[in-house]
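Accompanying notes for the structure given below.
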């Protein structure tokens, strides 16, 4: 046993600031969101899938130059109803055009309609919802608007509008988003009311923070995941809605290619040439499911409660 | 009021009433006819049970709640009711609040840097970016935190650290008057003293005036200069801290004091707890008012009750002499 002596000890000076030190690595909100998102293999797969679909929808029509009104093979019966093969990957349709070209043109139209309608719904819904949640005067007006709008079937409104203003792409976007933002605004209004009077917002008011700054710095960051959820629900629902409206014959006119138009047009061929019907249905389902899963995973990842470990 | 006449009144609350309207209790009066003064440089404690209206008074002073009656004067200027934009800013500059729950009162999505400089941004209290950084570093140092914490988020801190961020954010505004709404009740017992000492340090350094809200008399005993006891929205007793602990007169104050545990099991066992009789207050509610029964010692009573309380004081004084 060694003897205890002075050399074995050294003077340690207590430092209070040492105990204040945080040893955990720096936290960054967006880095944590992406780490969380990319920890899901399914989400990565779905993101790649939807990425491929979106890229094909953007670039394939540019290369093929497909136009549903141009039908060079309409008088060549041997070009019609060719089953999918090495030349025509998705076969050819009833007028002898390649279905591969038609599907991507149609996907582009459907995605454009859905993304635009979602963007309008979200931007308008969040902006009005914030205002609605903060102002009593806006509330008394908007709650009546909401009561009226939510009690009229949205399909009916969309149908009447398409009949009245015509079946173009922009008209359809207008018809889809003209009432849908009200329910998004209502959803945001409820969320704002829940967190509006929390103590940290009262603290900001005591510090003299103006309301717009409380909205942008205190409320909006809390609603990122809620808004993401709403977007990930809206995109597939607008795609399905476009398909549905076109299917019942009130969507886009004959001159447009869209997934809904194609499904409606080819539904009688379900037994004779089933690929004409099932390929657009499959693409529409693929986009809806992959975008929904990507959106939901992103919404989960943007909730900081999931960032622990 | 011989002693207090020499002191400068910083905050004067006159007949303040706060009423809440909602569908269940129509016109619920959370604060009834509150009257008290807070002098410059003192710590005034407001003590009462949950729901007694102490936080409501604090929020009425800082303009988070509207008053339905009465006047709140800060440095002789009315600060309740509608105010001009400049006056509102003046109130925000000079009166700051420390909140009860440090976890709830900090913005979870903002860095400590933003949390602390929020007031600086709103009032442009800095010359340039370097000046703002310097002020934030100074504020962090003054509460014992480190400048490296600026890039951190509130959830990374302990309760005591978060409360010190809350104090730093109020202090950076260089206010004259601070309302501390139960600043230590959400904290661990082991770090309560740390926060109280910090508040005392600021009081000495900057000559601050505090209004300290608590539900526990034992906490304010050593911290407050004067104590007001509030029950059911009515202030029932106001006295200097020592005076209140030696001569608790109002029955509600007496029952509150009894609730403070004694560190002696023998005394604790022998203690006969007296519950406060609410009916008595209901009887005096109409006729009573806050009256000075001893120098600088006010209690809520009606004229008929005066002999009863005076007898009680005489008895207590006799007991103290022995």
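Calculate the length of the line joining the C-alpha centroid of region B:117-187 to that of region B:15-94, in whole Å.
Each part's Cα centre sits 25 Å from the other's.
List the equivalent ellipsoid semi-axes of chain A in whole Å, largest first, each obtained as the square root of 5λ for an eigenvalue λ of the Cα gyration tensor. Numbers along the way, then the final one.
On the way: eigenvalues 533, 188, 32 Å².
Those come to 52, 31, 13 Å.
Counting pairs of alpha carbon atoms under 8 Å apart in space and at least six apart in sequence, what relative contact order in percent does chain B give? Mind showing how you got there, number by number?
Numbers: 532 pairs, mean separation 62.4, N = 322.
Worked out over chain B, it gives 19 percent.
Can you compute log10 of I(q)/I(0) for region A:26-104 with the Debye formula, treating each Cα as one identical point scatterer, at q = 0.18, 0.26 Å⁻¹?
-0.79, -1.15
If you count, for every residue in A:72-80, the Cβ atoms of partner chains within 10 Å of its Cβ, what is the mean? Write out the running numbers ahead of the final one.
On the way: counts 0, 0, 0, 0, 0, 0, 0, 0, 0.
For this peptide, the per-residue mean of nearby foreign Cβ atoms is 0.
Normalized C-alpha radius of gyration of region A:131-263, against 2.2 N^0.38 Å?
Numbers: Rg = 18.8 Å, N = 133, 2.2 N^0.38 = 14.1 Å.
Taking N as the residue count of region A:131-263, the ratio is 1.33.
Starting from the exponent 0.38 and prefactor 2.2 Å, build the expected Rg for region B:139-220 from its residue count and divide its actual Cα Rg by it. Write out the running numbers ahead of the final one.
Numbers: Rg = 12.6 Å, N = 82, 2.2 N^0.38 = 11.7 Å.
The reported ratio for this selection is 1.08.
Estimate the FRET efficiency between residue B:87 and residue A:216 by the formula 1/(1 + (r/R0)^6), using the beta-carbon distance for r and 30 Å for R0, to the nearest 0.05.
Values: r = 26 Å, r/R0 = 0.86.
Efficiency at R0 = 30 Å is approximately 0.70.
Nearest-5 percent of antiparallel DSSP beta bridges in the protein assembly as shown?
Numbers: 29 of 47 bridges.
So the antiparallel bridges amount to about 60 percent of the total.
Whole-Å semi-axes of region A:102-188's equivalent ellipsoid, largest first, each the root of 5 times a Cα gyration tensor eigenvalue?
Over the Cα atoms of region A:102-188, the ellipsoid semi-axes are 28, 15, 8 Å.
More than 48 angstrom separation, counting every C-alpha pair in the protein assembly as shown; what % is that?
On the way: 76461 of 198765 pairs.
Cα-Cα pairs in the protein assembly as shown separated by more than 48 Å: 38 percent.
According to the Kirkwood expression over distinct Cα-Cα pairs, how big is the hydrodynamic radius of region B:150-278, in Å?
On the way: mean 1/r = 0.0596 Å⁻¹.
That comes to 16.8 Å for region B:150-278.
Based on C-alpha coordinates, I'd like the Rg and Dmax of region B:237-322, in Å.
Values for region B:237-322 (Cα only, Rg and Dmax): 13.9, 42 Å.
Could you work out which residue, out of A:102, A:158, A:14, moves most in a Gaussian network model of chain A, that is, has the largest mean-square fluctuation with Cα springs under 10 Å?
Evaluated over chain A, the most mobile residue of the options is A:14.
If you average the alpha carbon positions of region A:72-130 and of region A:295-309, how far apart do those two centres end up, in angstrom?
After rounding, the separation between the Cα centres reads 33 Å.
Which whole-number percent gives the relative contact order of chain A, counting Cα pairs below 8 Å spaced six or more residues apart?
Details: 358 pairs, mean separation 77.4, N = 309.
Rounded, it is 25 percent for chain A.
If r is the Cβ-Cβ distance from residue A:152 to residue A:233 and R0 is 22 Å, what FRET efficiency results, to the nearest 0.05? Mind dumping the intermediate values first?
Working: r = 21 Å, r/R0 = 0.94.
Efficiency for this residue pair is about 0.60.
Relative contact order for region B:94-229 using alpha-carbon pairs under 8 Å, separation at least 6, rounded to a whole percent? Could the numbers behind the result be given before it?
Numbers: 179 pairs, mean separation 45.0, N = 136.
Averaging sequence separation for qualifying contacts and normalising by length gives 33 percent for region B:94-229.
Label residue B:310 and residue A:78 with points 7 Å out from Cα along Cα→Cβ: what is the distance between them in nm?
So the label points at residue B:310 and residue A:78 sit 12.6 nm apart.
Nearest-5 percent of antiparallel DSSP beta bridges in region B:3-232?
On the way: 15 of 33 bridges.
Restricted to region B:3-232, the bridges split so that about 45 percent are antiparallel.
For region B:3-232, evaluate the Debye formula with one uniform point scatterer on each Cα (no solvent term) and list log10 I(q)/I(0) at q = 0.10, 0.11 Å⁻¹, rounded to two decimals.
Results for region B:3-232 at q = 0.10, 0.11 Å⁻¹ read -0.47, -0.57.
Looking at chain B as a GNM with Cα springs under 10 Å, which of B:182, B:237, B:304 has the largest mean-square fluctuation?
B:304
If you build a Gaussian network model of chain B, linking Cα atoms that sit under 10 Å apart, which residue out of B:262, B:199, B:97 swings the most?
B:262
Whole Å is fine, so just give me how far the alpha carbon centre of region A:1-30 lies from that of region A:256-276.
First find each Cα centre; the distance between them is then 73 Å.
Cα atoms only: what Rg and Dmax, in Å, come out for region A:219-272?
Looking at region A:219-272, its Cα Rg and Dmax stand at 16.3, 56 Å.
Counting helices only, and only those DSSP H runs with n ≥ 4, report the 222 nm mean residue ellipticity of chain A as the sum of -39,500 (n - 2.57) divided by its residues, in deg cm²/dmol to the nearest 500. Display every interim value, and only then the final one.
Values: 11 runs with 202 residues, N = 309.
After summing the helix terms and dividing by the residues of chain A, the value is -22000 deg cm²/dmol.
Spin-label point model (7 Å from Cα, Cβ direction): what's the residue A:35 to residue B:151 distance in nm?
Once both label points are built, they end up 1.4 nm from each other.
Compute the distribution of all C-alpha to C-alpha distances in region A:194-300, in bins of 10 Å from 0, and list the percent of pairs in each, rounded to whole numbers.
Calculated over all Cα pairs of region A:194-300, the distribution is 14, 28, 20, 15, 12, 8, 2, 0 percent.
For every helix of n ≥ 4 consecutive DSSP H residues, a contribution of -39,500 (n - 2.57) applies; sum these over chain B, divide by its total residues, and give [θ] at 222 nm rounded to the nearest 500 deg cm²/dmol. Present the calculation step by step, with values, prior to reporting the outcome.
Numbers: 12 runs with 122 residues, N = 322.
Rounded to the nearest 500, the figure is -11000 deg cm²/dmol.
Would you kindly calculate the mean projected area, averaged across all directions, of the convex hull enclosing the Cα atoms of region B:25-113, in square nanometres? Please report the intermediate quantities before stating the final value.
Details: hull surface 33.3 nm².
It is 8.3 nm².
Where a number appears in this text, it was derived from the coordinates with a stated rule and is not lab data. Keep in mind the model is a prediction, meaning the values are calculated, not measured. So basically every Cβ, Gly included, is an ideal-geometry build from the backbone, and we count neighbours across all protein chains shown.
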